[in-house]
Amino acid sequence: RIFQTEQPALAATLARWSGPSPAARWKRQMAKLKWLVCRHGEELTEPRFVAAVKQLGFGPDVAHSLFSSLDIERKGWITQDDLVALRTYGGVATAQEMAAFRRFLLSRFPTLADAFKALDGDDSGEIDSNEFVSGCMDLGFHGNSRGIFVCLDSVQRDGVISLEEFVGLDLFSSVYALEVVEKLRDHLVASFGSLRTAFRRMDSRGMGAMYKKDFGAALERLGFQCSQADLDICWRFFDESCAGAVTVADLMAVEQFSSVKFLADLHNLREFLQCKFGSLSAAFDAMDVQGAPEEERENHKWKMNTSEPDRLLDF
């Protein structure tokens, strides 16, 4: 009602953006918030933001979440500059965007640690949002750098990225790999009823195994459209043993796999380890018994006979 009476042009824009997709909803919210900040002055603190957004029909939980997404530097307020930056902000980055950014960096640097050093212009060991965005531009990356920063800062949420957070790109890339593999599996099952039947159709030579070239040609022949990068992802996933060939058993391994359940298990494991050891680094040190003295290894073996590890399996 507010927009229809005071911002007719904006209301028309919101109508064009209406739709069920998260991206469309995000754009509608951002357009509303841009108008809101302009209405409330130069700086908008979180309490004022939440109170004002409630007038637009948003609940407090949504309002706090939106404020956190906008205040990526954790200043405690947002300005019009924060919203102007949204012109190049495609929302929180997707797993595909994170994986593409990782490939971009590794095509230019030997490791992610080397890429981090290049982006860390002041050599402080931390990268803020402005440093990250400008550094990405200097490297020639023109993707959703702001959305990528928000994802990398999603754990500490302190407005800067450390090296430990930065190498989380590996995990995001793995998440995308799971999405690609599940997409392929669902396509094959929808087309042929089962993965076993799909493999027989793919194995045109009848050898019981496919090499990478045959695998790619079979997917193209069966109508599965994907990039070369996604094809490489699928191949590495199925050829887990690096044997250079994929069998029906390799394909069947993903029949019941659920990335949603896997990510939930991963989240629960992280929470468990942080609660038990205080940090993931401390948990790693506790599990790394290979270099420990003999008596510590024996003590660890005794602990492993307790019910503690079973709790990990029960997630």
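The values are calculated or read from the model by the stated rules, or taken from the named source; none is laboratory data. The structure presented is a predicted model; accordingly, all values stated were derived computationally and were not measured. Because the Cβ atoms are built from the backbone with ideal geometry, glycine has one as well, and the counts that use them run over all protein chains shown. Side chains are part of the model used for accessible areas, which takes the heavy atoms of the whole protein and leaves out ligands, DNA and RNA. Shrake-Rupley method; radii C 1.70, N 1.55, O 1.52, S 1.80 Å.
For the stretch 180-292, the share of accessible area belonging to carbon and sulfur comes to 54 percent (1.4 Å probe, ligands and nucleic acids excluded).
Here the peptides 184-191, 254-261 are ranked by packing, the mean other Cβ count within 10 Å, and the order with the highest first is 184-191, 254-261. Applying the Karplus relation 6.51 cos²θ - 1.76 cosθ + 1.60 with θ = phi - 60° to the stretch 133-149 yields 3J(HN,Hα) values of 5, 5, x, 4, 5, 4, 7, x, 8, 10, x, 7, 5, 5, x, 5, 4 Hz, where x marks Gly and Pro.
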